[in-house]
Amino acid sequence: MYNMGKDTYTCDICGFEEKWDAHDDHRGDIWECDDCGSHFCTNCFVKKCGQAEFNRMLRETDGVYCPGYYGKQ
């Protein structure tokens, strides 16, 4: 979710909030799912699908997908 007043995005899974191009050492980055439009942090994706799948998604797919949609594309 985008917070216009703060110019930040919130992970729809854990509630972590940060600016779009910022990076957090624990949570990673905020991403937007190309299928459903939800926002998620790197940490939430890795917790559900694993680091190897996150790396594979970035290297081998045509988009970025939330943990709920990853593998369904």
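The values are calculated or read from the model by the stated rules, or taken from the named source; none is laboratory data. Computed from a prediction, not measured in an experiment: that's the story for all the values here. Using ideal geometry, Cβ is built from the backbone for each residue, glycine included, and neighbour counts are taken over all protein chains shown. The area values use the complete protein model at the heavy-atom level, side chains included, leaving out ligands, DNA and RNA. Shrake-Rupley method; radii C 1.70, N 1.55, O 1.52, S 1.80 Å.
In the set (1) out of contact with any Phe, Trp or Tyr (no Cβ under 7 Å at 6 or more places or on another chain); (2) open to solvent by 60 Å² or more (accessible area, probe 1.4 Å); (3) at pLDDT 95 or above, the condition left unmet by residue 12 is number (1).
Taking the stated definitions as given, is residue 3 at pLDDT below 95 and either open to solvent by 40 Å² or more (accessible area, probe 1.4 Å) or touching a Phe, Trp or Tyr at 6+ places or on another chain (Cβ under 8 Å) (or both)? It is true that residue 3 is at pLDDT below 95 and either open to solvent by 40 Å² or more (accessible area, probe 1.4 Å) or touching a Phe, Trp or Tyr at 6+ places or on another chain (Cβ under 8 Å) (or both). Restricting attention to segment 1-18, the residues being touching a residue at least 24 places away in the same chain (Cβ under 8 Å) and in a loop (DSSP other than H, G, I, E, B) number 6.
For segment 31-53, a residue qualifies if it is open to solvent by 50 Å² or more (accessible area, probe 1.4 Å) and either farther than 14 Å from residue 71 by Cα or not acidic (Asp, Glu) (or both), and the qualifying residues are 31, 32, 36, 47, 48, 51, 52. Applying the criterion of being touching a strand residue (DSSP E or B) at 6+ places or on another chain (Cβ under 6 Å) and basic (Lys, Arg) to the residues of segment 4-62, the residue that is nearest to residue 72 (Cα to Cα) is 27.
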